[in-house]
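See below for the structure under consideration.
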Amino acid sequence: MLKTTRLDPTTDYATKVVAGTIVASRLVRLACARHLDDLTRQQEKGLVWRPDDAQEVLDFFSQVLCLPEETDVDEDVDAAEDVSPDAPTPFVLSPWQQFIIGSLFGWVAIRVSKKTGARREQQRFRIAYVEIGKGAGKTPLGAGLLIWMLVRHGVRGAQLFCAAVTKEQAKLAFVDCAKMVAASPHLQALIKHTGNNLAVLTTGSFIRPISAEKRGLDGKRVQGAVVDELHEHPTNIVVVKLRAGIKGRPNALIFIPTNSGFDRETVCWEYHDYSRQILEGTLVNEAWFAFICHLDACDTCHAAGKLQPSDDCPDCDDWKVEGPHWEKANPNLGISLPWEYLREQVREAIAIPSQRNMVRRLNFCQWTQNQTVWITAEQWAACACTAVEVRHAA
């Protein structure tokens with residue numbers, strides 16, 4: 001009898017997406033195709049795929065971490081020390097989350113010294129850009145990632161940060177970290193929580209929230225960071241400071257989970273567009289991971305250069321019409337994000353034009369030129385009329 005080889009979760013997801021058995025956006029399909037291509041070209045590209053390393057992190061999420069309850073932006077960080085959920089829910093990653101986490105920690109890059117010829121291994125990805133619909137659980141995912149980097153073996157003096165423009169935004173991911181620690185007896189015994197600090201005293205490693213306010217980003221030696229909601233950043237100051245801080249740390253990682261934005265003159269659009277070009281193969285950066293969810297333009301519109309669905313094309317994905325294509329922008333639909341919630345958002349956006357762009361952007365990952373729209377395409381069409389010839393009196 002022939003033995004069948006079971007694929008690791010990361011490769012299994014990539015294989016199913018490329019085969020079309022899992023609904024995914026064009027750029028997610030390209031991210032999966034990139035993983036499969038790298039598997040066949042590891043030696044050529046100086047890469048090594050270590051599925052056991054990836055599985056170790058996936059097991060950490062499901063066996064050690066628990067999902068935090070919803071966090072309010074005004075919640076007191078210190079109060080999170082006393083959080084002890086009665087029935088904590090294990091953090092079992094969805095397949096798309098397994099692909100992201102597995103990719104980040106399963107790929108290793110081989111570096112060869114030009115002077116000595118010595119080989120050195122390091123974590124392949126240093127930047128991870130993840131653009132996805134609202135409600136997918138991207139902030140807890142980033143929080144869990146930081147906790148793993150805090151306690152992983154072999155790391156000492158790791159400075160890890162929940163970073164944002166404002167203190168309030170940075171506090172969201174940090175409170176999720178604190179709640180995960182409070183829900184795990186194993187983590188409670190290992191990690192000391194005091195105020196805005198989660199620390200492993202034996203290794204000198206910590207997680208702290210930081211922001212662009214009051215020079216809070218200066219002078220950091222960054223082992224890892226979660227830069228939440230990049231679409232809300234008015235400048236690139238946060239990511240620039242953090243990227244400067246990872247210099248000299250071979251296994252450093254900056255994780256950037258975000259919704260889509262509306263302003264194409266921002267750092268978020270720059271990262272989105274750069275990530276797209278990497279996935280399409282226009283640019284090459286082996287240290288940059290990208291996972292971009294969105295609705296798709298049809299083949300004809302895409303061939304015409306349109307990167308997003310056309311409102312007037314019946315073959316493009318239509319955000320107003322329920323269907324499996326909704327999962328392209330919302331891979332956690334039916335898990336952390338209820339179908340009925342999304343239906344309600346769509347109904348309101350159709351009826352209230354001022355909400356339309358917000359829903360398209362946050363829930364369906366469409367980059368809009370404006371935050372709101374006051375006159376819809378349908379209303380413009382209803383006002384259309386034929387040209388009337390005007391004759392002036394002689």
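Throughout, read-outs are computed from the coordinates displayed, never taken from laboratory work. Predicted model, so just to flag it, every value in this text is computed and none were measured. FYI the Cβ positions are ideal-geometry reconstructions off the backbone, even for glycines, and counts take in every protein chain you see.
A few notes on this one:
- Long-range HN-HN contacts of Phe91 with modeled amide H, under 5 Å: Leu65, Cys66, Leu67
- Most mobile of Ala173, Ala244, Ala143 in a GNM of the chain (Cα contacts under 10 Å): Ala244
- The chain - charge dipole about Cα centre, Lys and Arg +1 at Cβ, Asp and Glu -1, debye rounded to 20: 2060 debye
- Local net charge near Asp263, Cβ-Cβ under 13 Å (Lys/Arg +1, Asp/Glu -1): -2
- Over region 290-342, relative contact order from alpha-carbon pairs under 8 Å, at least 6 apart, %: 32 percent
- The chain: relative contact order as a whole-number percent, Cα under 8 Å and 6+ apart: 18 percent
- Of all DSSP beta bridges confined to the chain, the antiparallel ones make up roughly 40%.
- Listed peptides 333-346, 93-106, 248-261 by packing density, highest first (mean Cβ within 10 Å): 93-106, 248-261, 333-346
- Under 30 Å from the Cα of Lys16 - lysines, other chains or at least 8 residues apart: Lys3, Lys45, Lys134, Lys138, Lys306, Lys320, Lys328
- Centre separation in Å (Cα based) which lies between region 19-73 and region 281-307: 19 Å
- Relative contact order of region 225-370, taken over Cα pairs closer than 8 Å and 6 or more residues apart, is 24 percent.
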